[in-house]
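The values are calculated or read from the model by the stated rules, or taken from the named source; none is laboratory data. Quick caveat: nothing in here was measured; it's all calculated off a predicted structure. So basically every Cβ, Gly included, is an ideal-geometry build from the backbone, and we count neighbours across all protein chains shown.
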Amino acid sequence: MTPMGILGILFLLLALYCGTDPFKHSAIYEFPDFEAYKVDMPPWEQVPTVRDQYDFLQKSEIKFLNQVQGPESIAFDALGRGPYTSVADGRIVFWDGEKWNDFAHTSTNRSGLCEPKPSPLSYLPNEHICGRPLGLRFDKKTGDLYIADAYFGLMKVVPEGGLATSLVTEADGVPLRFTNDLDIDDEGNIYFTDSSTKYQRRNFMLLIFSCENSGRLIKYNPHTKETTILMTNLQFPNGVSLSKDGSFLVVCEGCSGRLLKYWLKGEKSGTSEVFAILPGFPDNIRTNENGEFWVAIHSRRSMYSHILGLHPQLRTFILKLPISIKVQRLLHLRGKPLGQAVKYGPDGKLLRVLEDSEGKVVKAVSEVDERDGKLWLGSVLMPFIAVYDLD
């Protein structure tokens, strides 16, 4: 038999293996209805290549090491107290200047399932029971804390803390399955993202692999209790933040690695457009006092992830190989996670890039909050909060 014939047989056997997954070793074997979607990727040449050659984020101060697990979002109340942060076991905790205190929780079930575990990922199997608060925002007028809980939807807790109250669990009859981030305008309206109507956060890697387009941007009016869907067909929408003047908001779309602008006022009201192409894949976004936007980047783009984004059939084929989810994830991360924070002007212009390209000090950044000349860096995977001094 010729070499080409042997190669053809080997390819046929490989295709048969991937089609049947007989030993159930693939990353998606538990999800027989898995479907990969083509990602609306920007042209490769439009992806920013600016690097932080000095790895400035390696100079960040690690605070509260092993005192907070997976501090996804960071907030300070109207009096400047805090930080408050959402952690992996379902609580929101508060730093009083000396120690961490329980402030609020989203689930009525605080059983042994929610007790401390060795890492943030250890909580994944029971997150739907214990809750997983993600985005946090204070209403500066009322002092109420609004919470995007991945499983329990949009919630609110009074200034004294305690058990959060459920506000929204569905929109247009479709349940919220992965509530992610939120922001509040001057009239008290809440804008929040539902990352997927198919996958819950405990299966977030399946959402990353699939990039299915059921994500939504939703508005909730607390006065009328009305919920309105503003944007649909988003591929893993994540962070959301209002512009300083409240005329538009910016949404992070995870799979495409871009920022989307949604107009709230003016002649373009109700329309959306691309705001910026990111150098990597985003998590949360926060607006500073100057009206600039800090975006937390979980990982840089690679040609590998770019090609797979454009070719869903190839992506599915590779996902059916006997390669674990952990290894598949590392392939998308170029073999290692990094820490990156990028700043954009209100016109969508890239202003600054800060990173730890080796992930030595900061990695898997989920939020960048600028306050008093410092950046507070949250991470959904790390057991600490990092603080970088901009001066």
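Of all the numbered requirements in (1) more than 28 Å from residue 153 (Cα to Cα); (2) of a type outside the set (Asp, Glu); (3) under 20 Å from the mean Cα position of the chain (by Cα), residue 293 misses one, and that requirement is (1). Against the numbered list (1) farther than 18 Å from residue 350 by Cβ; (2) surrounded by fewer than 24 Cβ atoms within 10 Å (Cβ to Cβ), residue 258 comes up short only at (1).
If the condition is being free of Cβ contacts under 8 Å to residues at least 60 places away in the same chain and of a type in the set (Lys, Arg), then region 236-284 contributes 265, 268.
Reported count of residues in region 196-212, each being farther than 15 Å from residue 175 by Cα, crowded, with 21+ Cβ neighbours inside 10 Å and in contact with a Leu (Cβ under 8 Å, 6 or more places away or on another chain), is 1. Within region 48-84, restricting attention to residues that are at pLDDT 95 or above and of a type in the set (A, V, I, L, M), the residue that is surrounded by the fewest Cβ atoms within 10 Å (Cβ to Cβ) is 65.
Scanning region 181-216 for residues that are without any contact (Cβ under 8 Å) to a residue 60 or more places away in the chain, under 17 Å from residue 152 (Cβ atoms) and touching a strand residue (DSSP E or B) at 6+ places or on another chain (Cβ under 7 Å) returns 182, 190, 192, 193, 194, 195, 196, 197, 216.
How about region 41-78: which of its residues are farther than 29 Å from residue 133 by Cα and assigned to a loop (DSSP other than H, G, I, E, B)?
The initial filter retains those residues of region 41-78 that are farther than 29 Å from residue 133 by Cα, namely 41-56.
Across region 41-78, the qualifying residues are 41, 42, 43, 47, 48, 49, 50, 51, 52, 53, 54, 55.
As a summary of the residue check, residue 352 satisfies the conditions (1) surrounded by fewer than 20 Cβ atoms within 10 Å (Cβ to Cβ); (2) more than 14 Å from residue 62 (Cα to Cα); (3) out of contact with any Lys or Arg (no Cβ under 7 Å at 6 or more places or on another chain) except for the one numbered (3). Condition check: of a type in the set (Val, Ile, Thr) and assigned to a loop (DSSP other than H, G, I, E, B). Does residue 93 satisfy that? It is false that residue 93 is of a type in the set (Val, Ile, Thr) and assigned to a loop (DSSP other than H, G, I, E, B).
Number of residues in region 108-134 that are more than 11 Å from residue 70 (Cα to Cα) and either among the charged types (D, E, K, R) or not assigned by TED's automatic domain parsing to the domain that holds residue 200 (or both) equals 4. In region 369-383, which residues are surrounded by fewer than 19 Cβ atoms within 10 Å (Cβ to Cβ) and either within 12 Å of residue 295 (Cα to Cα) or within 18 Å of the chain's Cα centre (by Cα) (or both)? Within region 369-383, just 381 meets the criteria.
Residues in region 263-287 that are of a type in the set (S, T, N, Q) and either buried (at least 17 other Cβ atoms within 10 Å of the Cβ) or not assigned by TED's automatic domain parsing to the domain that holds residue 147 (or both): 272, 284, 287. The single condition among (1) at pLDDT below 90; (2) assigned to a helix (DSSP H, G or I) that residue 307 does not meet is (1).
Go over the candidates 85, 142 one by one and state the one that is over 15 Å from residue 183 (Cα atoms) and among the polar types (S, T, N, Q).
Working: 142 fails: over 15 Å from residue 183 (Cα atoms).
Answer to the check: 85.
The single condition among (1) modelled with pLDDT under 95; (2) within 24 Å of residue 368 (Cβ to Cβ); (3) surrounded by fewer than 19 Cβ atoms within 10 Å (Cβ to Cβ) that residue 123 does not satisfy is (3). Note on region 96-107: residues that are assigned to a loop (DSSP other than H, G, I, E, B) and of a type in the set (Phe, Trp, Tyr) amount to 0.
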